[in-house]
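K.L.:
Let me begin by handing over the structure; questions about it come next.
Since every read-out is calculated from the coordinates, none of them should be taken as a lab result. Treat the numbers as computed from the prediction; the structure is a model and nothing was measured. Cβ coordinates were reconstructed from backbone atoms using ideal geometry, including for glycine residues, and neighbour counts include every protein chain displayed.
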Ligand SMILES: [Fe+2]
């Protein structure tokens, strides 16, 4: 189904099921590409955890906040507030830092720079404050993180860590977040509709690029 057709369906008030299915298929496709953690080198395991942390620790709350600023619908904003309150109250960045430090995989400058370009594109996209596209991107983000957790936990375990609070918490609670965010996409589109020629999946595709970048640093490929 073309992106334009989906945007038109959104405007016609469809239930959004096809969009949710398409996002779920993109997530499944990314997860299917993950390597077996046991077959990676220990340095590759370290780099993946480090790049994940370089992206998530400083950006998750920022990107969710940017989406809040882009969102006009009060109901959709309340869903984002619930997400943000949990992130801040339970200090998910602290949880992630504990996870990463226990796996001895705290990002080095080369890890941060390895995700620089794709992360910058995401920041600039969210800076354009497009409510529907930003909300869909966050729905994809939550769903992807939840399915990514067993892999991330396996990387840390293979590095000798038993600190799994971050992966345990995000493997479960973000399911509810993701469902709420899909509802928010539809609520927002009623109030602040996306134009028929816009790419509804623009942010989703950019975030997919970020995750592919977490998995595969181009510099590593060149060196191989
Ligand atoms: Fe979180």
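K.L.:
Counting each DSSP H run of 4 or more residues in the chain as -39500 (n - 2.57), what helix-only mean residue ellipticity at 222 nm follows after dividing by all residues, to the nearest 500 deg cm²/dmol?
P.N.:
Values: 12 runs with 173 residues, N = 224.
Result for the chain, helices only: -25000 deg cm²/dmol.
K.L.:
Of 41, 53, 137, how do they rank once you tally other Cβ atoms within 10 Å and put the fewest first? The partial results should precede the final answer.
P.N.:
Numbers: 41 8, 53 25, 137 29.
Arranged by neighbour count, lowest to highest, 41, 53, 137 become 41, 53, 137.
K.L.:
Moving to a separate point now. So for 73, 18, 109, fewest C-beta neighbours within 10 Å to most, what's the order? Show your work: numbers first, answer last.
P.N.:
Working: 73 21, 18 14, 109 8.
Fewest to most other Cβ atoms nearby, the residues stand as 109, 18, 73.
K.L.:
Something else about it: Rounding to the nearest 10 and keeping the result within 0 to 90°, find how far the Cα-based axis of helix 131-158 lies from the longest principal axis of the chain.
P.N.:
The angle comes out near 20 degrees.
K.L.:
Another question, then. Taking only Cα atoms and a 10 Å spring cutoff, compute GNM fluctuations for the chain and point out the largest among 192, 213, 36.
P.N.:
Maximum fluctuation in the GNM of the chain, among the listed residues, is at 36.
K.L.:
On to the next question. Can you bin every Cα-Cα distance in the stretch 3-217 into 10 Å intervals starting at zero and give me the percent of pairs per bin, rounded to whole numbers?
P.N.:
Result returned by the calculation: 8, 35, 36, 16, 4, 0.
K.L.:
I've got another one for you. Rounded to the nearest angstrom and ordered from largest down, what semi-axes does the equivalent ellipsoid of the stretch 9-107 get from its C-alpha gyration tensor (root of 5λ)?
P.N.:
Numbers: eigenvalues 194, 94, 17 Å².
Output for the stretch 9-107: semi-axes of 31, 22, 9 Å.
K.L.:
Mind pulling the angle between the C-alpha long axis of helix 42-70 and the longest principal axis of the chain? Nearest 10 degrees, somewhere in 0 to 90.
P.N.:
With rounding to tens, the tilt is 30 degrees.
K.L.:
Sorting 108, 208 on the 10 Å Cβ count, fewest up front, what's the list?
P.N.:
Values: 108 13, 208 19.
Placing the least packed residue first, the sequence is 108, 208.
K.L.:
Relative contact order of the chain, please, whole-number percent, based on alpha carbon pairs below 8 angstrom and at least 6 residues apart. List each step's numbers first, then the result.
P.N.:
Numbers: 280 pairs, mean separation 80.6, N = 224.
Worked out over the chain, it gives 36 percent.
K.L.:
Return the single residue from 67, 120, 167 with maximal mean-square fluctuation; model: Gaussian network over the chain, springs between Cα atoms under 10 Å.
P.N.:
Result: 120 has the largest fluctuation of those listed.
K.L.:
Something else about it: For helix 202-215, what angle does its Cα long axis make with the longest principal axis of the chain, in degrees from 0 to 90 and rounded to 10?
P.N.:
The two axes meet at around 10 degrees.
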